[in-house]
1. Restricting attention to the range 206-222, does a residue exist that is within 16 Å of ligand 1 (Cβ to nearest atom), outside any loop (DSSP other than H, G, I, E, B) and either at pLDDT 95 or above or under 17 Å from Met342 (Cβ atoms) (or both)?
2. Looking at the range 162-176, can you tell me whether even one residue there is within 16 Å of ligand 2 (Cβ to nearest atom), touching a helix residue (DSSP H, G or I) at 6+ places or on another chain (Cβ under 6 Å) and assigned by TED's automatic domain parsing to the domain that holds Gln324?
3. Collect the residues in the range 311-328 that are more than 16 Å from ligand 2 (Cβ to nearest atom), surrounded by 22 or more Cβ atoms within 10 Å (Cβ to Cβ) and part of a helix (DSSP H, G or I), keeping them in residue-number order.
4. Specify the residue that is nearest to ligand 1 (Cβ to nearest atom); the eligible residues are those in the range 274-298 that are surrounded by fewer than 22 Cβ atoms within 10 Å (Cβ to Cβ) and assigned to a loop (DSSP other than H, G, I, E, B).
5. Identify, please: which residue in the range 133-178 is polar (S, T, N, Q) and more than 20 Å from Gln324 (Cα to Cα) and is, among those, farthest from ligand 1 (Cβ to nearest atom)?
6. For Thr305, only one of the following conditions fails: (1) within 16 Å of ligand 1 (Cβ to nearest atom); (2) in contact (Cβ under 8 Å) with a residue 12 or more places away in the chain; (3) surrounded by fewer than 16 Cβ atoms within 10 Å (Cβ to Cβ). What is its number?
7. Could you please find all residues in the range 78-119 being within 16 Å of ligand 1 (Cβ to nearest atom) and within 11 Å of the chain's Cα centre (by Cα)?
8. What is the residue count in the range 84-128 for residues that are within 16 Å of ligand 2 (Cβ to nearest atom) and hydrophobic (A, V, I, L, M, F, W, C)?
Amino acid sequence: MAQAAVWCVPCSPPGQGAATKDGVNLRPPTLDLAAATALTGVEPSKILFFQREFHSLFRLAEEAAEECRFDVRELELIRTLDRLIFAEGCPLGEVRRRLAGTLRTARVIAVTSGKGGVGKTTVAINLAVALAAGGRRTLLFDADMGMANVHVFAGINPKRTVVDLLQGRATVGEVLVDGPGGVRVLPGASGLTELADLDPGAMASLVQELLHLGAVFDAIVVDTGAGISSRVVDFLRVADEIVVVAIPDIASMLDAYGVVKVAHEARVKGQIRLLINLVSPPTDPDAVAERIRGCARRFLGCEPTLLGWLAQDRALQEANQKRQPLLLSQPQSDSAQRLRRMAAALMNGHAPAAAAPAAPPSQPGPGPPPAAPVTRGRPADDPVPTARNAHQGGVVHAGP
Ligand SMILES: Nc1ncnc2c1ncn2[C@@H]1O[C@H](COP(=O)(O)OP(=O)(O)OP(=O)(O)O)[C@@H](O)[C@H]1O
Ligand SMILES: [Mg+2]
């Protein structure tokens, strides 16, 4: 056994992040190769082989390959690989398949909407920062098809994107970048149409990659982009939580219902939640959510829960403009607190713990929401036609 086991960040027990002065957690402690060998009993050459062959299952820092460090939670992975490959003689392809299923631990949270510009990216980034601050290894995946901009609000300038990954020009480790508050970011293809034009095979491998990543993260937040295409539905299918963002606007409410409908028809396994954004007096966010829920209840027989709501908040807008998430720039603000409660609820799979005040803070706003979508009448009155083309890559437009 090697004596020179070295903790590179010896500050908190395995499984817990290390708190910094500003309360933002770092990634968990790391081990060098000698330590990993000492703790697992697996020879260094085998560990290096595992790291090379199963790179997407290991810690994903770009520097990891050069410095050869390991997350403490990867020790079990090393032992499992050793058992499967060297003790049981399992072929590598079979090992990959088995691990994709068994090692999945991450909670996948898809943030989506029917109508664009309703705050998905803002919500996704801040939820991710809240989760990372709570000590969870968090990945923020910008899956917006062709209009990716997580990196803009997150204040990062990635050299590579998910397109490089899919086209084999880069490994996962090379594409992932450090984002704000300890979040790891898988950047999308900004301003390009490549991701939007992905063929189903490429999309399948992207979703598969996501499942592999699930083995090394505790939470994966996916910004799906607006509209319901088959590509968005692919992400919704693997999500444990689907956050449908809507604003108090008739088109957005209808489109939100359209998303709920497509997700329901796709038989998603995850919980569907509503997040009402850009709320200003005298709008009642519960009433907005109830209009969407009413449609879902009547026409689909399902009832998405209300995750929470956010006021039209200048601080959120300014944080985005400054490219620093609100959770970091104004962590005590009302919106930041709401987002933290929502993040906790998403991880725990229940409604936010603390009841939110009934009315949004008093700010100038556009006034009350327009009339609700149709909530009475025969199912034929369903305001959103059935999404026949949703699974062939078409976009369901939810307008009447
Ligand atoms: N609660 C809020 N208060 C004030 N401004 C907000 C709020 N939420 C989002 N915004 C602003 O609204 C705009 C749209 O937000 P964002 O880009 O997050 O939406 P999106 O749904 O991701 O858009 P797209 O569909 O184009 O990807 C941004 O300028 C953002 O700063
Ligand atoms: Mg966006």
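1. Initially, the range 206-222 is screened for residues within 16 Å of ligand 1 (Cβ to nearest atom), giving 221-222.
Those still in the list that are outside any loop (DSSP other than H, G, I, E, B) too: 221-222.
Within this subset, residues satisfying the condition of being either at pLDDT 95 or above or under 17 Å from Met342 (Cβ atoms) (or both) are 221-222.
For the range 206-222, residues within 16 Å of ligand 1 (Cβ to nearest atom), outside any loop (DSSP other than H, G, I, E, B) and either at pLDDT 95 or above or under 17 Å from Met342 (Cβ atoms) (or both): present.
2. No, the range 162-176 has no match at all.
3. Matches in the range 311-328: Leu327 only.
4. Applying the filter and picking the extreme gives Ser280.
5. Going residue by residue through the range 133-178, those that are polar (S, T, N, Q) are 138, 149, 157, 161, 167, 171.
Applying the additional criterion that residues be more than 20 Å from Gln324 (Cα to Cα) yields 161, 167, 171.
On the way: Thr161: 16, Gln167: 23, Thr171: 27 Å.
Filtering the range 133-178 for residues that are polar (S, T, N, Q) and more than 20 Å from Gln324 (Cα to Cα), the one farthest from ligand 1 (Cβ to nearest atom) comes out as Thr171.
6. Going through (1) within 16 Å of ligand 1 (Cβ to nearest atom); (2) in contact (Cβ under 8 Å) with a residue 12 or more places away in the chain; (3) surrounded by fewer than 16 Cβ atoms within 10 Å (Cβ to Cβ) one by one, Thr305 breaks only (1).
7. Once the filter is applied, which keeps residues that are within 16 Å of ligand 1 (Cβ to nearest atom) and within 11 Å of the chain's Cα centre (by Cα), the range 78-119 yields Ile109, Ala110, Val111, Thr112.
8. Residues that pass the stated criteria total 9.
The values are calculated or read from the model by the stated rules, or taken from the named source; none is laboratory data. The shown structure was predicted, so the numbers you read here are calculated from the model rather than taken from an experiment. Note: ideal-geometry Cβ built from the backbone for every residue, glycine included; neighbour counts use all protein chains shown.
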